[in-house]
Structure formats: C-alpha cells, structure tokens
Protein chains: 2
Amino acid sequence: MESPLAARVRSGDVRAAARLMRDLDDRLPSADGVLRELFPHTGRAQVVGITGAPGAGKSTLVDRLVAHHRRAGRSVGVVAVDPTSTFSGGAILGDRIRMQGHALDPGVFIRSVATRGHLGGLSRSAADLVAVMDAMGKDVVLVETVGVGQDEIEVASLAHTVVVVTVPGLGDDVQVIKAGVLEIADVFAVNKADREGADRTVRELQGMLGLRQGQRPADHDHAHHPLRPEGPEVRATGAEAEWEPPIVRTVALRDEGTAELAEAIERHRSHLASTEQGRARAAQRARAAFLSRLREQLLEGAVARLEEEEGRLDEIAARIAARQADPYRLADELARRLRRDPGEER
Amino acid sequence: MESPLAARVRSGDVRAAARLMRDLDDRLPSADGVLRELFPHTGRAQVVGITGAPGAGKSTLVDRLVAHHRRAGRSVGVVAVDPTSTFSGGAILGDRIRMQGHALDPGVFIRSVATRGHLGGLSRSAADLVAVMDAMGKDVVLVETVGVGQDEIEVASLAHTVVVVTVPGLGDDVQVIKAGVLEIADVFAVNKADREGADRTVRELQGMLGLRQGQRPADHDHAHHPLRPEGPEVRATGAEAEWEPPIVRTVALRDEGTAELAEAIERHRSHLASTEQGRARAAQRARAAFLSRLREQLLEGAVARLEEEEGRLDEIAARIAARQADPYRLADELARRLRRDPGEER
C-alpha cells in the first residue's frame, strides 16, 4: 500500500514534496520509508549538474536553462548545493534569493541544500532531494554546486551530464581546476564569453582535452568536424564512439549561448542512451548513492553505541585532544566490536 | 617498544616519513600501527590552513610563508590537498611542480594528497600527513587546499588557524563564498591587493564581518584600534575576549604583506593559547579526526561483508541502477546486520 504522502509526491504536489524534504532533513524515520516507496518511481528525470569555479556565473546560467526548458514545456527542479559550515550546519543561502524570476512558476521547484550532514560527513541530502524531484515527475533536475573540489565530484555522482562552467581570466589556478574537473566534465561552458581572454580560455581547454586524448593510443588522427571547430564530441575509437566534451561559449547575463548549451547537454544524453556508457554511468550513480547512505547509517549507529559505552562524543574528543585517548585505537576497536557484538536489537 | 620506523620518523628522517606516507596511502596495516605509536608525539606543530577561491594565488602565498618561516629558522611541512577525480583516484598535481624554490631545502617537507579515499568518502589522508609531519618535529605545517566548499571545511577541521585567501574582482559569487567561509576564517588575506577593486573587496569583507557581529547582542560599540583600521581582532565581550578575523592585504608575487600575514597568524595562535577557544578548537579537531577514521573503518568493513554476502559492489550497483535492488533497504539492512551478527572474528 502506497502511503498518502508518497502518492501526493508522485502526483507532483509541491507542498507534499516540500514536507517530505523537511522530514528528510529532520531525519524522521517515516520520511525514509516514503523515500523507499518512491525509489521504484525514480530514474526518469534528466539530472544535469552545473558546477565550476566561483564567480563563473553558474546561477545565472541555471536561470537561463530553466527558462529554456520552461519554454519547451518541460517541468524543472533545481537543487542548489550551498557551502556550509560545520558549525552552523544549515544552508547559508535561502531559496529566496535565488532564481527569483521563476518564483511564481508552478513548473519550477527550487530547493537549497547543505553539503554536510550533522556528523561532519558528506550529506546524502542532495541525492535525496534529486530523488524526490525525480519522483514528482520533473522532466529535468538541475543540480548547481558552488564549489570546486569535492562538491564538484559529488555532483558528478548525481548527474547524467555534468556541465563545468568557467570564465576567462581566473588566473593560474584555473589550470589546476581544469585538471581536476577534466574527468567529470561532459560539457564545458565558457561563460562571460564576451570578455577579453575568452579565446585563450577556449584554447586552453582544447589543449587540456587534447593532452588527455594524447594519452590514449590511436586517438590522434581524427578529423575535426567543420561545423564544430571547438571539438567534435563523438569520435569512433574502435568498438564504441567516445564522448569528447564540447566547449560552448555563453553570455548568461544576455542569454546568449543558452540554446547551444542545452543542445550540447541533449547530445550528451543521446550519446549515453545509445552507448554502454549510459549504463555504466547509471551504475556509478547508484554505487555512490548506496555508499553514501551506508556510510551515514553506519556512522550514526557507531556513534550511538560509542556514546552508550564510552561517554559523550565531545568528552571523548577532549580526551583525544589532551592525548589521553588514542583516536586510532578507539575507532578501530569500536569498528571491531560492532562487527562482533550483538549490539542493540531493532 | 618503539618500532624503528616510528623512531626514524620522530628523529625527522625524511625518507622514513616518505615511506610511512606511502605505506599509509597503500593502506598497509603496519603503517596504521606506526601512526598509533606516533600519536602521543603529535600536537606540537602549529597547523595553518590556507584556503580560498581558485585563482587567488594560494600557492604563491604558501611559498612566501615558507620562506618567511625558514628565515626565522623554523622547519616547515606543506600538505597540498589536490582536487581529484573519483575515477582516477590519485593526486593530479605532483609535488614536483609545486614550491620549486624550496625543493633543495631539507628544512621543508612537501607532500600532495588526494582528497578522496577509494570508497568515495572524504579521505583521512590529509590528516594522516599532518600527523606524520607533526611527529617529525616540523614547527609549522601549512595545509593548502585548492577548493571552496567541502575542502575548505575539511581544512578547518585540521588547522589551528585558517587563512582564507581572496582576490579583488572575482565577481558576484564571491559573496556566496564569503558567506560560506565566514565561520571558518581566522584570518583573511586579500591577495593581489595591488589590483583595482582591492579596497572594495576589503570593504565587503568588513561588511560581512560587521553583519555577523550585528547578530550578536552588545557587540556594536567597540572602539576601532587606531593602528589596525581594517578591524581589531580581539574585543572584550563579557567573559572572554573574542577573536575578530583581521584582513591582511598581500601581493604574494612581490612578497608584500607576508610578514603582516604571518604576524596575524601568530596573534591568532596567542589568542587561542590564552583563551578557552584553544581548547575547544583542539577538541573539535580531535572529533573530526576520530569521526573521519571511524567512518572509513566502518565503511570498509561493511563493504567487505556486503561483497561476501551479496556479490560484488559493482553488480549490486548495476541492480540498483536497474531498479531491481533497493539501495535504502540494502544499506539499512546491512547496517542492522552488522550491529546484530557475530561477523568475522579478527
């Protein structure tokens, strides 16, 4: 029997979805049950990650993509992943200051989420929010991360297609960033492409992509597609066509390049659907979601047990800090005890 | 009895330390044992995190700080946290291209580390590297993260003092970043301060710090220190002096402001030593290190058990992706079984 809340979420009810998201955030066990009910009804939405360097104009770009999909009659969900503090815990930016242009559109559902769970590990909340929006029947879910590094890699484990946004003139570290994201980028957007240095940024990206190709044998002599001078994205390499991240120039503030970006994302979707890579990516996403949940369940159980046996976590931390307790021994012994002992029955 | 490797590390032997770090990276159980031996001898180094937006010139700034400490006769360790891919796993930037100016100085020990463990969670490697450098007797350990978001928060859980580096003209998202790091920043460095817009960046930071102060009662009417117009960092607020992050202007390329930055870091150290905040921060660091290790131990044990019982993780992921297996049920039941069953004996 489907619960009333799950049924309402599946019908696209915004208030039901918002309530479920709140309950998930509050870690109500009932919310977990609803998520489980919804799971078989997920996997339909196209999930697109938008990530990249700060200052790149990701929010504006997301805004433009939302408008683009809305014009085509698609319903859209937006999950904005906020950088948060370990101390305050909550999302710093509310949903209110984001995406105000779509605030009154019932076809757009926007939520912010903190990147950290209360025990300091990666939160599974972003994945949960995507699942709820998926189950609601959203055609497209855009996941925007402010951040470079782990947040970026996290978004890769949620999305079908990852768009890495960069801008001209970010400086030397850009090389580092590009190196870090090369493997997760399915599409590059060079935003603010009307700025000086855009050509150089595109060339640098091409150079890095070329370098990567150079590392693969028999990959050198492909012909450039005349209509896409910035890199044809599908090339035959033996058994299966390989995806080459296209580089799209955008000026999000003036809504330039939005259609081209959306089209590049669409081409990537078709590519995944027509190759084994789609299935491999889906398995990768499932693996990440599963491990993320498992990690959190295990840690919660372990900390509860630890606090029963050894006192409050904060006191233990103080003892460790004073070198009176050994964190390695504590962690290892607790992990072993949890494997050996009956523990609490549920 | 102390093992020979632990003794050599404690004597500052670079080759022994490098070997231990490799062994930790390869996850040899013997390396864990050495780390446990070293633990009582840690907690002496001053650990300083250097983080902030990409393009901010953090590496150059770290380089300048290293030179500053070396001139004062202090030994220095540098841990560079690289953004890495979930797929390749390794650190993308080698140590070779970093900090070449100090490559021949035996008083400087530099290591890069990937941010991710092989199961996709936050790696404890950065913390391990800091512990080894600490045990080696390094006076100062600088931890540099490329990244904004989780990496940044991670560095906060390792360091005594967190320096957030920003630059003029990063654009609108800077506000977001600043909001995200306000709570972890002990010192702000506005680098490339000779650029247009530096005054505005400083004013914005002051504004955000002011906003934060505004949220605290009875915090409004403090007198500005005449010699530090950009914000006196210690103010009396009732029982204990409270730290106000100073804002230091630097031009790392020309080595300007390095001494001022080092001095601000030093003042923060003294502040921690003379207040309860030092102890609280130490406990917080210990808590994070402990949880990080526990999380990894638990997940490894659980995945090993899962693969024994249910088949390879990759196959399970494929079943989840095909909606044939329920990740919620799998994770929850596994967590429960691990609590209940005898499991493997060790």
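The values are calculated or read from the model by the stated rules, or taken from the named source; none is laboratory data. These figures come from a predicted structure and were not determined experimentally. When we count neighbours, we look across all protein chains shown, and the Cβ atoms used for this are built from the backbone with ideal geometry, even at glycine. Accessible surface areas use protein heavy atoms only, side chains included; no ligands, DNA or RNA. Shrake-Rupley method; radii C 1.70, N 1.55, O 1.52, S 1.80 Å.
Worth a mention:
- Against the list (1) crowded, with 19+ Cβ neighbours inside 10 Å; (2) more than 12 Å from every other protein chain (Cβ to nearest Cβ), the condition A:GLU309 fails is (1).
Let's see how each residue does on (1) modelled with pLDDT under 50; (2) under 22 Å from A:THR145 (Cα atoms); (3) open to solvent by 40 Å² or more (accessible area, probe 1.4 Å); (4) assigned to a helix (DSSP H, G or I):
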| position | (1), (2), (3), (4) |
| --- | --- |
| A:VAL165 | no, yes, no, no |
| A:LEU170 | no, yes, no, no |
| A:GLY180 | no, yes, no, yes |
| A:ARG195 | no, no, yes, no |
| A:LEU205 | no, yes, no, yes |
| A:ARG216 | yes, no, yes, no |
| A:ASP219 | yes, no, no, no |
| A:LEU227 | yes, no, yes, no |
| A:PRO232 | yes, no, no, no |
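- Number of positions in the range B:8-58 that are open to solvent by 40 Å² or more (accessible area, probe 1.4 Å) and assigned to a helix (DSSP H, G or I): 13
- The range A:295-306, subset in contact with a Lys or Arg (Cβ under 8 Å, 6 or more places away or on another chain), touching a residue at least 60 places away in the same chain (Cβ under 8 Å) and open to solvent by 10 Å² or more (accessible area, probe 1.4 Å), residue farthest from the other protein chains (Cβ to nearest Cβ): A:GLU296
- Filter result for the condition that a residue is within 14 Å of chain A (Cβ to nearest Cβ) and of a type outside the set (Gly, Ala, Ser), over B:ARG70, B:ARG27, B:ARG8, B:ARG22: B:ARG27
- Among residues of the range A:126-148, those that are more than 10 Å from chain B (Cβ to nearest Cβ) and either modelled with pLDDT of 90 or more or surrounded by fewer than 21 Cβ atoms within 10 Å (Cβ to Cβ) (or both), counted: 14
- With respect to (1) open to solvent by 50 Å² or more (accessible area, probe 1.4 Å); (2) out of contact with any Pro (no Cβ under 8 Å at 6 or more places or on another chain); (3) at the interface with chain A (Cβ under 10 Å from one of its Cβ atoms), the lone exception for B:ARG323 is condition (2).
- Index of the failed condition, A:GLN324 passing every other in (1) outside any helix (DSSP H, G or I); (2) within 35 Å of the chain's Cα centre (by Cα): (2)
- Top-ranked residue in the range A:282-294 [being in contact with a helix residue (DSSP H, G or I) (Cβ under 6 Å, 6 or more places away or on another chain) and open to solvent by 30 Å² or more (accessible area, probe 1.4 Å); ranked as nearest to the other protein chains (Cβ to nearest Cβ)]: A:ARG287
- Restricting the range B:234-269 to residues that are assigned to a loop (DSSP other than H, G, I, E, B) and within 19 Å of B:ALA185 (Cα to Cα) leaves a set whose member that is modelled with the lowest pLDDT is B:GLU244.
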